[in-house]
C-alpha cells in the first residue's frame, strides 16, 4: 500500500536518524546520521463518495478534520 493520502496528497517525509554519544553530558555529540523515512499514518477506510461507497487511503489528519464522510 502506498503511503499517500487520497484526500490531501500527504506523502512520506525524509530526514535523518541522529545517533548521539553521551547520556548525561552537557553537549551530546553526534555519532552518525542515517537516512530515514517518516510515513504518514494512513488508514484504509470505506468512504461515501458520489452516493456510493469506495475504499480509499486517508491520513488520520483528514479523518479527524472531517474531510471524509465514512460509509455506514
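With N as its number of residues, the chain has a Cα radius of gyration that, divided by 2.2 N^0.38 Å, comes to 1.69.
Give the relative contact order (percent, whole number) for the chain; include only Cα pairs under 8 Å separated by 6+ residues. Before the final figure, lay out the partial values.
Numbers: 117 pairs, mean separation 22.1, N = 72.
Over the chain, the number comes to 31 percent.
Rounded, prolate or oblate: which one fits the stretch 33-72, using the alpha carbon gyration tensor with axes a ≥ b ≥ c (rounded when a/c is under 1.5, else prolate when a/b beats b/c, else oblate)?
Numbers: a/c = 4.62, a/b = 2.73, b/c = 1.69.
In terms of gyration-tensor shape, prolate.
The fewest-to-most ranking of 34, 53 by surrounding Cβ atoms within 10 Å reads 34, 53.
Working from label points 7 Å from Cα in the Cα-to-Cβ sense, the residue 21 to residue 55 distance is 5.0 nm. Comparing 51, 11, 22 in a Gaussian network model of the chain, where Cα atoms under 10 Å apart are tied by springs, the biggest mean-square fluctuation is seen for 22.
Multiplying the residue separation of residue 7 and residue 44 by 0.36 nm and removing their Cα-Cα distance gives an extension gain of 12.1 nm. For the stretch 23-37, the residues whose backbone nitrogen is under 17 Å from a point 7 Å from the Cα of residue 14, taken along Cα to Cβ, are 33-37.
Since every read-out is calculated from the coordinates, none of them should be taken as a lab result. Please read these numbers as outputs of a predicted model, since none were measured by experiment. Here Cβ is always computed from backbone atoms with ideal geometry, including for glycine, and neighbour counts include all displayed protein chains.
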